[in-house]
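These notes are about the structure you will find just below.
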Amino acid sequence: METVVLVIGANGQLGSVLTESLIQKFGKNNVIASDLNPRKEYEGIFEVIDATNIDRIQEVVTQYKVTQIYHLAAILSAKGEETPLRTWDINMQTLFNVLEVSRKNTIEKVFYPSSIAVFGEGAPLDKTPNNAYLDPATVYGISKASGENWAQYYFMRYGLDVRSIRYPGVIGYQSLPGGGTTDYAVDIYHKAVLEEKFNCFLKEDAMLPMIFMEDAIRATIELMDAPKEDIKVRTSYNIAGISFSPAEVVAEIRTLYPEFEVIYTPDFRQEIASRWPNSIDDSTACKDWGWKPEFDLKSITTTMIQKLKEKYRTTSKTSIL
Ligand SMILES: NC(=O)c1ccc[n+]([C@@H]2O[C@H](COP(=O)([O-])OP(=O)(O)OC[C@H]3O[C@@H](n4cnc5c(N)ncnc54)[C@H](O)[C@@H]3O)[C@@H](O)[C@H]2O)c1
């Protein structure tokens, strides 16, 4: 059977980049991008789907004979705190709809991203292990911790092959972040390249696990490609890239922009960040499916600055930000 992939939430920070990688792997006619609104200047197949509507997901799955679903739609950590009950409803309803459509249509594989937001005060802050206690403090974290367990339930109860990664904060030049607690680590590079002052919403020593977009996408594809019997964790896998604080990124950026100015005005996101791990133990993912990150802070900084400079040279600031 030919692989046909449906990406839900394809316009987001991760979805827009993942869609391109999936097109390279499976071909343009085998990747269906979808989101709440059409994507400007997108040349592949696109369908508007509100994933809270199960009938609409079913319609597209039937129309294109979909065999894999990547379910990226969610309300993220910082944004989610504005309307907790709505966040819970959207994050859970969309997941239930994807799981139900998947089991009823014998979808071959489902990808469900989780997050380091599942960890709270009960987990060790350093080298947080895969099986640490989960007591998340945000509604987003609660929805992801529950979602992981539902993913495992559908695997155990129905044999649905759902695979999941707990992404750290994702940093990329290709797209803008969508309302998370680690968004500063993308915004800071834009400000550096624009030679503007950066106002950081975290404290300068707020150490958090991060990952470069290329590594995050590669991890996703490698997890989905791994033989089924190698996937021993059916809740979600920790993966690590690197960990750094705002002060460390600033120091790295200043090797290229010595005049780069930053002020720190921590807000409610600092409170969220203070309960998240400093670093992640990803040895289970390494052992089970060979995960290994490639980018460190230096290579992330060099690539971000170079790519953003090119982008701002060829595109107007208002169409990027
Ligand atoms: N970016 C990160 O740093 C990060 C870290 C950990 C986990 N994740 C997870 O990865 C996934 C993708 O994250 P992202 O950063 O690309 O998020 P994003 O906010 O940039 O994109 C999410 C997309 O989902 C869409 N969406 C929202 N509600 C929808 C609905 N009802 N139906 C269809 N689409 C809907 C939005 O329009 C948006 O385009 C999310 O599940 C997120 O929780 C991301």
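Results for (1) closer than 20 Å to K228 by Cβ; (2) in contact with a Pro (Cβ under 9 Å, 6 or more places away or on another chain); (3) at pLDDT below 95; (4) of a type in the set (G, A, S), shown as yes or no for each residue.
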{"residue": "L72", "(1), (2), (3), (4)": "no, yes, no, no"}
{"residue": "E81", "(1), (2), (3), (4)": "no, no, no, no"}
{"residue": "W88", "(1), (2), (3), (4)": "no, no, no, no"}
{"residue": "M92", "(1), (2), (3), (4)": "no, no, no, no"}
{"residue": "E100", "(1), (2), (3), (4)": "no, no, no, no"}
{"residue": "Y112", "(1), (2), (3), (4)": "yes, no, no, no"}
{"residue": "V118", "(1), (2), (3), (4)": "no, yes, no, no"}
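Of all residues in segment 267-293, those being surrounded by fewer than 19 Cβ atoms within 10 Å (Cβ to Cβ) and in contact with a helix residue (DSSP H, G or I) (Cβ under 6 Å, 6 or more places away or on another chain) number 1.
Please enumerate the residues belonging to segment 105-122 that are part of a loop (DSSP other than H, G, I, E, B) and within 16 Å of the ligand (Cβ to nearest atom). Within segment 105-122, Y112, P113, F119, G120 qualify. If the condition is being more than 10 Å from the ligand (Cβ to nearest atom) and either of a type in the set (D, E, K, R) or crowded, with 24+ Cβ neighbours inside 10 Å (or both), then segment 34-49 contributes K40, E41, E43, E47. Annotation note: Cβ proximity below 6 Å between a residue of segment 48-72 that is over 14 Å from G9 (Cβ atoms) and a residue that is within 14 Å of the ligand (Cβ to nearest atom) and assigned to a strand (DSSP E or B) (sequence gap 6+ or interchain) occurs for Y64/I32; V66/L6. Number of residues in segment 4-51 that are assigned to a loop (DSSP other than H, G, I, E, B) and not hydroxyl-bearing (S, T, Y) equals 19. Exactly one residue out of T138, T128, T94, T106 is hydroxyl-bearing (S, T, Y) and under 18 Å from S279 (Cα atoms), and it is T128. Go through segment 198-236 and give me each residue that's within 14 Å of the ligand (Cβ to nearest atom) and assigned to a strand (DSSP E or B). Matches in segment 198-236: L208, P209, M210, I211, F212.
Only residues that are in contact (Cβ under 8 Å) with a residue 24 or more places away in the chain and in a loop (DSSP other than H, G, I, E, B) were counted across segment 175-196, and they come to 11. Residues in segment 252-259 include none that are under 22 Å from the mean Cα position of the chain (by Cα) and hydrophobic (A, V, I, L, M, F, W, C).
Taking residues in segment 90-101 that are assigned by TED's automatic domain parsing to the domain that holds A74 and open to solvent by less than 10 Å² (accessible area, probe 1.4 Å), and partners anywhere that are more than 9 Å from the ligand (Cβ to nearest atom) and among the hydroxyl-bearing types (S, T, Y), the pairs with Cβ atoms closer than 6 Å and at least 6 places apart or on different chains are L99/Y154.
In summary, V186 fulfils each of the numbered conditions (1) open to solvent by 10 Å² or more (accessible area, probe 1.4 Å); (2) in the same structural domain as I272 (by TED's automatic domain parsing); (3) near the ligand (Cβ under 9 Å from one of its atoms) with the single exception of condition (1).
The values are calculated or read from the model by the stated rules, or taken from the named source; none is laboratory data. Quantities reported herein were computed from a predicted structural model and do not represent experimental measurements. Quick reminder, even Gly has a Cβ in these numbers, built from the backbone with ideal geometry, and neighbours come from all protein chains shown. Side chains included, ligands, DNA and RNA excluded: accessible areas come from the protein's heavy atoms. Shrake-Rupley method; radii C 1.70, N 1.55, O 1.52, S 1.80 Å.
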